[in-house]
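No lab work stands behind these numbers, since they all come straight from the coordinates. On a predicted model such as this, the values are computed, not experimentally measured, just so you know. Every residue, glycine among them, receives a Cβ derived from its backbone with ideal geometry; neighbour counts consider all protein chains shown.
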Amino acid sequence: MKGKKKVKREIMPDTVYNNVIVAKFINQVMRRGKKELARKIVYRAFDIIKEKTQRDPLEVFNFALENASPLLEVRPKRIGGATYQVPREVKKERRSTLAIRWIIQAAKSRKGKPMKEKLAEELISASKNEGVAVKKKEDTHRMAEANRAFAHFAW
């Protein structure tokens, strides 16, 4: 039997946009508990987005998350000594978590600019269906498609 049941924590919406997903995004940007710094980075990135695109930054952010969210992923499954990459559908919660993680990783991998600018550029490019995070999603889908023969192993 497994241990205690994991308790799902309720995340409060952020103060500026009153949005839970933005609050999750801020929490993912945060390093070593410096939440105020993470908030500044995200809100300044949103200001840059508003400046560059002349659109609502929350709208751009939502498009970016939608475009970077994977529908399928591959999970390893061990069957009779062999490990197969089995394609599976991604749950809604994990979908947004992966999209957030990939966007932040893509922004961090860019060089030579402050984080707020890198984050703004990555969100803008993801909202246009371009950029590293969207490429990662497409690669994940390609892997799932290539391993479709093992879909009958899904559990």
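For a Förster distance of 22 Å, can you work out the FRET efficiency between the beta-carbons of M12 and R101, rounded to the nearest 0.05?
Details: r = 21 Å, r/R0 = 0.93.
Computed FRET efficiency for M12 and R101: 0.60.
Checking the a/c ratio against 1.5 first, then a/b against b/c, what shape does the Cα gyration tensor give for region 30-155? Please list the in-between numbers first.
Working: a/c = 2.76, a/b = 2.17, b/c = 1.27.
Because a/c hits 1.5 or more and a/b exceeds b/c, region 30-155 counts as prolate.
Please identify the helices of the chain, taking whole runs of DSSP H, that span at least 15 Å along their own axis as judged from the Cα atoms and have a mean Kyte-Doolittle score of 0.0 or higher.
Values: long enough: 35-53 (27 Å, -0.48); 57-68 (16 Å, 0.45); 92-109 (26 Å, -0.49); 115-127 (18 Å, -0.18); 131-146 (22 Å, -0.96).
Helices meeting the criterion: 57-68.
Quick check on the chain: helices-only [θ] at 222 nm, where DSSP H runs of length 4 and up contribute -39,500 (n - 2.57) each and the sum goes over total residues. Nearest 500, please.
On the way: 6 runs with 88 residues, N = 155.
About -18500 deg cm²/dmol.
Find how much the distance from K24 to R148 grows on full extension, using 0.36 nm per residue of separation minus their present alpha carbon separation; answer in nm with one decimal. Intermediate results must be reported in sequence, preceding the final value.
Details: separation 124, 0.36 × 124 = 44.64 nm, distance 3.22 nm.
So the extension gain works out to 41.4 nm.
Longer than 23 Å from Cα to Cα, which of K113/K137; K8/K108; K116/K136; K5/K137; K8/K50; K4/K137 are they? Say none if no pair is.
On the way: K113/K137 25 Å; K8/K108 28 Å; K116/K136 21 Å; K5/K137 31 Å; K8/K50 34 Å; K4/K137 33 Å.
Cα-Cα > 23 Å for K113/K137; K8/K108; K5/K137; K8/K50; K4/K137; rest within.
If you take every residue apart from F63 with its C-beta less than 13 Å away from the C-beta of F63, what net charge results, scoring Lys and Arg +1 and Asp and Glu -1? Display every interim value, and only then the final one.
Values: positive: R55, K128; negative: D56, E59, E66, E122, E130.
Summing Lys and Arg as +1 and Asp and Glu as -1 gives -3.
If you take the beta carbon distance between K111 and K5 as r and set R0 to 30 Å, what does 1/(1 + (r/R0)^6) give as a FRET efficiency, to the nearest 0.05?
Efficiency computed from Cβ-Cβ geometry: 0.10.
Once you sort the root eigenvalues of the Cα gyration tensor of region 88-155 as a ≥ b ≥ c, which label holds: rounded (a/c under 1.5), prolate (a/b larger than b/c) or oblate (the other case)?
Values: a/c = 3.11, a/b = 2.39, b/c = 1.30.
Cα axes put region 88-155 in the prolate bin.
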